[in-house]
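Enquirer: Attaching a single structure in structure tokens format; questions to follow.
Values quoted throughout were computed directly from the atomic coordinates according to the rules given, and no laboratory measurement underlies them. Bear in mind that the values here come from a model prediction, so they are computed numbers and not experimental data. No Cβ is skipped: glycine too gets one built from the backbone with ideal geometry, and neighbour counts run over all protein chains shown.
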Amino acid sequence: MRRKRLLWQIYPSYLLITAVSLIAVSWYAYHSLQEFYEDQIVSDMQSRAALVERAIASRLLEADYSGVDALCKELGTKSSSFLTVIAPSGAILGDSHADPAGLGSQAGRNEIVAALSGSIGVDRRFTSRLNQEMLFVAIPAFDQGKVLAAVRIAVPVSFIDEAMSDVYWRLGIGGLIVALFAAGVSILVARHISKPLAEIKSGAERIAQGDLESRVAVPEFEEIAGLAVAMNKMAVQLSERFRTVQRQNLEQEAIVSNMLEGVIAMDADQKLISINRAAARFLGLDAHEAIGRSILEVMRNSDLQRLVAKTFVVGEPVEGDVTLTDPILGERFLQAHGTLMRDAQQEVIGALLVLNDITRMRKLENLRRDFVANVSHELKTPITSIKGFVETLMEGTTMSQEESQRFLQIIARQANRLHAIIEDLLKLSRIEQESERGEIVIELERLVDVLQAAIASCELKASAKQIRISLNCSESIQARINAPLLEQAIVNLIENAIKYSEPETEIVVAAGISDKLLLITVRDHGNGIAKEHLPRLFERFYTVDKARSRAQGGTGLGLAIVKHIVLSHGGNISVQSEVGKGSTFTISLPRA
């Protein structure tokens, strides 16, 4: 339904009230003036009738009726009125406009009855003789208290109407002027009332559109001013509540967005309504493009799809493991928890899926299993060897002194290997624990001193294979390091290079600065390492050639120790190698 403006609700009412008031006032004024005018005419007619009554009184006493008639005609002509004298019997004694003999009796006329009874008679009626409506006024003619006759004066009512028509037009024109003036004033008043309401409406629309800082002007009208003040208070309260809700939403969004766990919310139709950055990263999705799409469309993983379906079917919290295959990162393992979302009436409105990345945990578990297996294997080999040779010696079998000595040397060598493995394990464990606790002391040291000390520690082994170790490092380079640990790491790298290098070759130890990193390299010209071994080279007990490593006294933990020492310094280690051409190990440390 089309709504009307307030102006057109108020203005017609004002016009109606003005029109009714003007009509009522005009009608009352007109009739009051008409009555007043008639009263004045009647009073005037009474005065004229009284003058006639004095003039004919003597003639009536003398019964000079012809003189009465003549006087009536004379006075009627002068006064422009109809003058009649009626005897108590109703017979007309004189008339200003007709022969009395030709006129009938007037005994039954109202004004005559009143006059003959001694009072003034007034009547208004249509007369067929004159063919018009007339106003009659009759007074008694007395003589010593006796009514001699009735003197009647009549004037046409049209005379009164003509006189009142001018008054009527004046009232009409005056009323029209007043009506136009009242209409103009009314529309001004209506607009004056509706204008602040329109401003309040405009302010309310601005507030509804989100401009909560907008305020409504307070008008002068008390009632409307109260509405404007209430509107402004509402805007202030809405602004405060909106800011509170916005802040809470931002806080919740920040919390959910920055959670390490992936959070996915979907409606009852399994369409995504929210997904945080972690979940988008896990699943390789664009969060903005995924919103509004079906979970089956955006998640191409059967484990996840089964978990979502199970969440909606079971109705209770469910959990399960999900395996994702990433072409770059490889396999990723997620632990997923699904639960239904319900409203205040406990109706299901959707489901919530929480994803925890347990890839590192799985890798640590695998690493732990591999470590236990490797440790068991590495320890079992020397122990089995020692046990076998000891049992042989204990059997007392006759053997030469040389054979007994050889057996004891083997037992000693295996014991030394067992001791070296345990020492390296303890060393590796100590480095990890001190790094986690922050107990490794880092100080500003000259790097060249550390490298020279490491080379000096390996000179004897290098000389035995006629391998030359050269150093290329500026004496001005300083680094924040733990000198003993870094020296041990360099020693391990140099010893590895010596082990796997051919005699009469060179090992180059160099240090330099690149961008924001301090680079330390150990390069040999040995056998090199195949590419398939490089990713696992720094794992515990991982060796490229296990037989050769054991023959040379290796424990398989040297490079793992180097890696953890470098990590404790906040650095990184990498290797480049080519079979038959040697290897280059590079330690990257933050600059001082």
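Enquirer: Calculate the FRET efficiency for residue 476 and residue 578 from the Cβ-Cβ distance with a Förster distance of 25 Å, rounded to the nearest 0.05. Don't skip to the answer; put the middle values down first.
Expert: Numbers: r = 33 Å, r/R0 = 1.32.
Efficiency at R0 = 25 Å is approximately 0.15.
Enquirer: Report the charge-dipole magnitude of the range 259-357 in Debye, nearest 20, computed about the Cα centre from +1 at each Lys and Arg Cβ and -1 at each Asp and Glu Cβ. Kindly include the intermediate steps, with their values, before the conclusion.
Expert: Details: 9 positive and 15 negative charges, 20 e Å.
Dipole about the Cα centre, nearest 20: 100 debye.
Enquirer: For residue 167 and residue 530, compute 0.36 nm times the residue count separating them, minus their Cα-Cα distance, and round to one decimal in nm. Write out the running numbers ahead of the final one.
Expert: Working: separation 363, 0.36 × 363 = 130.68 nm, distance 12.86 nm.
Contour length minus Cα-Cα distance gives 117.8 nm.
Enquirer: When only Cα pairs under 8 Å and 6 or more residues apart are kept, what is the percent relative contact order across the range 442-500?
Expert: On the way: 58 pairs, mean separation 31.8, N = 59.
Rounded, it is 54 percent for the range 442-500.
Enquirer: What are the semi-axes of the equivalent ellipsoid for the range 40-132, taken as the square roots of 5 times the Cα gyration tensor eigenvalues, largest first, in whole Å? Before the final figure, lay out each step's value.
Expert: On the way: eigenvalues 65, 50, 45 Å².
Output for the range 40-132: semi-axes of 18, 16, 15 Å.
Enquirer: Still on this structure, I have one more. With labels modelled as points extended 7 Å from the Cα through the Cβ direction, what inter-label distance (nm, one decimal) is found for residue 128 paired with residue 413?
Expert: 17.2
Enquirer: Can you give the Rg/Rh ratio of the range 474-536, where Rg is from the C-alpha atoms and Rh is the Kirkwood radius? Intermediate results must be reported in sequence, preceding the final value.
Expert: Values: Rg = 13.8 Å, Rh = 13.6 Å.
My calculation puts Rg/Rh at 1.01.
Enquirer: Another question, if that's okay. Suppose R0 equals 51 Å; then what is the FRET efficiency for residue 291 and residue 457 from their Cβ-Cβ distance, rounded to the nearest 0.05? Write down the numbers at each step before the final one.
Expert: Numbers: r = 61 Å, r/R0 = 1.21.
The pair residue 291/residue 457 has a calculated efficiency of 0.25.
Enquirer: Find how much the distance from residue 567 to residue 206 grows on full extension, using 0.36 nm per residue of separation minus their present alpha carbon separation; answer in nm with one decimal.
Expert: Working: separation 361, 0.36 × 361 = 129.96 nm, distance 5.99 nm.
Full-extension gain reported as 124.0 nm.
Enquirer: In whole angstrom, how far apart do the alpha carbon centroids of the range 463-485 and the range 506-538 sit?
Expert: 14
Enquirer: Can you sort 72, 458, 473 from fewest to most other Cβ atoms within 10 Å of each residue's own Cβ? Intermediate values should be presented prior to the final figure.
Expert: Working: 72 26, 458 21, 473 18.
If I rank by nearby Cβ atoms, fewest first, I get 473, 458, 72.
Enquirer: Also: Expressed in nm to one decimal, what extension gain is obtained for the pair residue 33 and residue 402 from 0.36 nm per residue of sequence separation less their Cα-Cα distance? Provide the component values of the computation, followed by the final result.
Expert: Working: separation 369, 0.36 × 369 = 132.84 nm, distance 16.48 nm.
Full-extension gain reported as 116.4 nm.
Enquirer: Can you compute the modelled spin-label distance between residue 13 and residue 78, with each label point 7 Å from Cα toward Cβ, in nm?
Expert: Rounded to a tenth, the inter-label distance reads 6.5 nm.
Enquirer: Please state the relative contact order of the range 97-256 as a whole percent: Cα pairs under 8 Å, 6+ residues apart? Please report the intermediate quantities before stating the final value.
Expert: Details: 144 pairs, mean separation 16.6, N = 160.
Computed over the range 97-256, the figure is 10 percent.
Enquirer: Follow-up question, since we're still on this one. For the cross-link pairs 271/363; 499/531; 387/461; 363/499, which exceed 25 Å when the distance is taken from alpha carbon to alpha carbon? Display every interim value, and only then the final one.
Expert: Values: 271/363 33 Å; 499/531 19 Å; 387/461 31 Å; 363/499 31 Å.
Over 25 Å Cα-Cα: 271/363; 387/461; 363/499.
Enquirer: Alpha carbon centre of the range 32-81 versus the range 256-277: separation in Å?
Expert: 114
Enquirer: Here's another thing I want to ask about it. Ranked by Cβ crowding within 10 angstrom, fewest neighbours first, how are 341, 231, 299 ordered?
Expert: Numbers: 341 15, 231 19, 299 22.
If I rank by nearby Cβ atoms, fewest first, I get 341, 231, 299.
Enquirer: Continuing with this model, one more query. How much FRET efficiency would the formula 1/(1 + (r/R0)^6) give for residue 273 and residue 302, where r is the Cβ-Cβ distance and R0 is 22 Å, rounded to 0.05?
Expert: Details: r = 23 Å, r/R0 = 1.04.
The formula returns an efficiency of 0.45 here.
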